Structures are given as structure tokens and as C-alpha cells.
1. Test residue A:182 against the stated conditions and say whether it is on the phi < 0 side of the Ramachandran plot, in contact with a strand residue (DSSP E or B) (Cβ under 9 Å, 6 or more places away or on another chain) and surrounded by fewer than 18 Cβ atoms within 10 Å (Cβ to Cβ).
2. Quickly run through the range A:132-149 and pick out the residues that are outside any strand (DSSP E or B) and either surrounded by fewer than 16 Cβ atoms within 10 Å (Cβ to Cβ) or free of Cβ contacts under 8 Å to residues at least 12 places away in the same chain (or both).
3. Quickly run through the range A:476-498 and pick out the residues that are touching a residue at least 40 places away in the same chain (Cβ under 8 Å), away from chain B (no Cβ under 14 Å) and farther than 25 Å from residue A:518 by Cβ.
4. Collect the residues in the range B:12-21 that are facing chain A (nearest Cβ under 10 Å), surrounded by fewer than 22 Cβ atoms within 10 Å (Cβ to Cβ) and closer than 17 Å to residue A:76 by Cα, keeping them in residue-number order.
5. Residue A:473 versus (1) surrounded by fewer than 23 Cβ atoms within 10 Å (Cβ to Cβ); (2) within 14 Å of chain B (Cβ to nearest Cβ): which is the lone unmet condition?
6. Name the single residue that is farthest from residue A:474 (Cα to Cα) among those in the range A:104-127 being surrounded by 13 or more Cβ atoms within 10 Å (Cβ to Cβ) and at pLDDT below 85.
7. Take residue A:100 and decide whether it is part of a loop (DSSP other than H, G, I, E, B) and at pLDDT 85 or above.
8. Please tell me if residue A:90 is within 14 Å of another protein chain (Cβ to nearest Cβ), more than 36 Å from the chain's Cα centre (by Cα), loosely packed, with under 12 Cβ neighbours inside 10 Å and free of Cβ contacts under 8 Å to residues at least 24 places away in the same chain.
């Protein structure tokens, strides 16, 4: 029996039994389970993992509300930026200042203006001012520690000048969850040897003399790893979603997608021509309501029944750090006879006892998820995406997908890297990496939460978004962290909501405890300097008090 | 003695940084910061001056009317 409770403050938790051994329904304010904390202190991998199988642990997520003063100050910041944006636009328009950005060449000839939306206003006047914190070029393999190229701007980020030097920094931004992004080691050696055997590219698509032995080997290995019947791999993860959803869904179907889904999924849903509705993020009650309404009412005007209903969710949502509620999803899908499409881009390799993703994490049956999708870009340190499921499904996709018939087949070193990392993952080395990642994740998250920062998401997800609401604080945080030798990825308005600018840390198995401690010390210092300790649920403490 | 003076200046610097961060002036160019701060100072000083000049007179007349 499943009971779910939604309380004020967005702490949602699901209990498998109505009475729980550890705590009652109300006491979700505390975050520390004493058992796990002691085990973290012991730094013992095995015990830390065995406690993971508790249901309350698995789905525990926290999304603290925005503090009122932060929201007001953020709106004030954007208002002031807007005012100065209008002033600068006026100065540019009246030729007091030279136009630096993209200039519409036909504007003077009374054509309809090309750039008119708020987006270009935002890009000109807010994004460009602090553009140096985004899109930094790197100069080495993105392992746990890497080199950034140093660039300097003399005219407030309109143009850059590369000084030629590189900055060495701890990498908290790459999706290197299992630490396979290395230039030495068995994976790299195998990839180089595969170039010597197969060359670099295949000069054709999969269907026209472009399928090599290693493609077949990869798909077989992947199917065995995931415990499914069959799988198919594509060269680009984004294209896997956007070009294969049109294969699976078409006009007359209904797609129910989570509101925080990735752009590739949204693009695929729109391209397919199916009708779609979004349900509130991870809200199973809302999803059930929409499912019932869809089945009862059918198409909007004609009331004909839908041909099929597909629920599209992600394993780990990369901006929120939350994990989809797989057990309830499977129950719902079985009850209402819908299909489930799960995008495990960030969770494959990183979650679960054996690295098999969210299905492994919850201990569910792989046959219950109809379409498993994932990418090789994150945990396997390569490029590409895959879809796994029943053989009939994969055969159908193989025949009908544009990504199979028109995209170039994956090159040899890319595939060899995936094969080597998959083989490593199934051995003892892989276990070590998975445990190291889980340990690092829990340690880092616990320390951040104890210090009083607002951190979203599930306790076990290696994506750690920490909220910094105001745009100026975001830029200051980014620059100060880089000054201290730690490269982080901060995200602002178009990627997140206007209020919720955040910094997103990606923990890797390649990070040592020492690196994480250095990062925490810097976060503590910078967080104190710019007052980032917003949390009202946890007391703000300095790192030295912990 | 010297350390407490240094700490005081550090505190002033921290306050200035908070002002810059909370009003997004941190992202603007120096002349924009000067412009905004001048405008803000002008508005606040006008308000304070008006209060200092007119409040006693207004309060006195209000007390006279209602007593």
C-alpha cells in the first residue's frame, strides 16, 4: 500500500507502510539518519551501501522554499538590470555608443526587425556583462583536476583575449560521474588501439555498410548489462531522444511528460505530432489525475480514446537533482495500461548497486519499464545515446528511426571507450568506483546541508544543485571559486526559472576526499562572504564547527 | 589597535560588497555604478532633507488641530 503526503515546504516523501520504523509522517524536518552518518564517518564503503535499500531513504528529497527576502532582492536586481539595459539600448540606438552585438543589416531599410524578443535584450544587457563565467574553454581532459584556458576581456566581455596561460582547477562541473574521463588507463589504451585497427570514421550510416563488429558488440554488451533483451546505440544523446520519440509516438497518442524534462525530450515530443500534457514535477497524484482524465475523456473534441499513452520521465533531473518515483510510476502504468519511457542520461552508471541506473537503485524489474533510454556522455566518458528494451521494440526502432538510417555510425574510439568502461564497470574496479561515487555524494551533500545552504534533490543523486538566487551573487560565486582554484558551473535565467539561479556541482568518483574538502572550504569561505546561507530548516554553521 | 581598525575597514568593504551584490551593481560598469549611486543618494538625501525641514512644522500643526 502506498501513501504519499505532500506537506508545506515541498518535502515530499512516500512511505511504503503507513507506520515507519524510523520516524513518523511529520518529522521530516531532520535530515540526518544517525546510522548513515556514523558509517560515513567510518568511511566504510560496504556498510554505507547496504543501508541504501530502505524505502524511506531512497525517495527522500528536499526542495526548500525560496526565502522571501531572496525573492525580493532577485526581482530588484533584475529590475535594476532592466533599467540599465534600457538606458544602454537607448544610448546604442541614438548612436552615442557603438553597437557591439549582432547588428541587423536591413534595419535601416525599413525591414521588419530581426531581433525583437526579450531574449536578445537579455543576451545583450545581462548575459554579456558576465559572459566570462559561462562557456569557458578547457585545455585538458576533464578529469577530477583539469586546466582551463585563461581569457581576459578589456571591453566588458564583448571580446576576449587569450593570454596563453592555463589555470589548474578542481573540476566540479563535468559529468564525469564514474571518473572514466582519463587519458591513461585501459579505456584510453583500448580506444587508441581501436583507431589502429578500424580507423577513425566509418563514412556511412548504420544501414549502409556502416555497422562494424564493435557496434554489434556494444549493443549486445549493453543489453546484457541492463538485463534487457536488446538495445540500439546512436551517435548523439540529444538525437536519441528527439529522433526516436517520433518513432514511438504519433498523432493520436498522448504523451504525459514531467514539467522539468530536458529539451531533447520536449523536442522529440513536439516533433512526434502526438498530443502532450505536462504533470507537476514528480507529483504522482497529478499524474494519476491526468491519466484518469485522459482515459475517461479521450481526445479533446471528439472524445475518441487515445491510441496509446506514454509517460516520459527522467531518471535523475539534472537541474533539480531529484530522482523519479519509479515504484509508483510502475504501479500507475500497470493500473492504467500506459507505457513508460525513462531517460537515464545522468543516472546510468551512477546510481544503483551495480550501476544499472534507477531500476537497480529501486530494485525494480527491468521488464516493467518499457523503454529505457540513456546516454554514454556522462558516466561512460564517451559520446552517444542508446535505447534498450524488448527485441520487438528495438527491431522496430532500427527500421524506422531517422537516427539510425541517416546519422553516421559511431566511430571506433568512441565505441571502444564505452565497451572498455562497461567491461570495467562489471568487474571489481567498477564496484570500487560506484561505491566511491556514492560515498563522495553523500559526504558532500551532507556537509553542504549542514552548513546551512539550500540544496535541492535526493540525498543520493550525484548532481548537487545549490541555490544562489541573485544574478550578482552567482557571478561573484563563480569568479571567487575560480580564483580559489575550483571550477563550477553556475546556471541562470533561461536554463532555470528567473528566481532560481543556482550552482550545480557534479560529484565524480575520481574526486578524492582531499579535493572535496578543499572545495568545501572554498564554498564555506565564499558562502560566508556573499551570504549564501539561506536555509531556515538547517542551522547555518561554519565548516570548522562541523 | 591596528587589527581592529583593519577589521573595521574590512567590515565596510563587506557592506559595500553586499550593496553591490544585492542591487546587481556588481555586474555593471563603473560609470553605471556611479550613476545609480548618485541617483540613489540624491533621492535619499532629498527625502531626509524634506523630513528634517517639514516634519516639525507639520507635526506641530497636527497637534494644534487635533487638541
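The values are calculated or read from the model by the stated rules, or taken from the named source; none is laboratory data. The structure presented is a predicted model; accordingly, all values stated were derived computationally and were not measured. Cβ coordinates were reconstructed from backbone atoms using ideal geometry, including for glycine residues, and neighbour counts include every protein chain displayed.
1. Details: on the phi < 0 side of the Ramachandran plot: yes; in contact with a strand residue (DSSP E or B) (Cβ under 9 Å, 6 or more places away or on another chain): no; surrounded by fewer than 18 Cβ atoms within 10 Å (Cβ to Cβ): yes.
Spelling it out, it is not the case that residue A:182 is on the phi < 0 side of the Ramachandran plot, in contact with a strand residue (DSSP E or B) (Cβ under 9 Å, 6 or more places away or on another chain) and surrounded by fewer than 18 Cβ atoms within 10 Å (Cβ to Cβ).
2. The first filter runs over the range A:132-149 and keeps only residues outside any strand (DSSP E or B), leaving A:132-137, A:139-144.
Of everything in the range A:132-149, those that are outside any strand (DSSP E or B) and either surrounded by fewer than 16 Cβ atoms within 10 Å (Cβ to Cβ) or free of Cβ contacts under 8 Å to residues at least 12 places away in the same chain (or both) turn out to be A:134, A:135, A:137, A:139, A:140.
3. A:494, A:495, A:496, listed by residue number.
4. B:17, B:18, B:20
5. Tallying (1) surrounded by fewer than 23 Cβ atoms within 10 Å (Cβ to Cβ); (2) within 14 Å of chain B (Cβ to nearest Cβ), residue A:473 fails exactly one: (1).
6. Across the range A:104-127, the extreme among qualifying residues is A:104.
7. Values: part of a loop (DSSP other than H, G, I, E, B): yes; at pLDDT 85 or above: no.
No; evaluated as a whole, the condition is false for this residue.
8. Working: within 14 Å of another protein chain (Cβ to nearest Cβ): yes; more than 36 Å from the chain's Cα centre (by Cα): yes; loosely packed, with under 12 Cβ neighbours inside 10 Å: yes; free of Cβ contacts under 8 Å to residues at least 24 places away in the same chain: yes.
The answer is yes for residue A:90.
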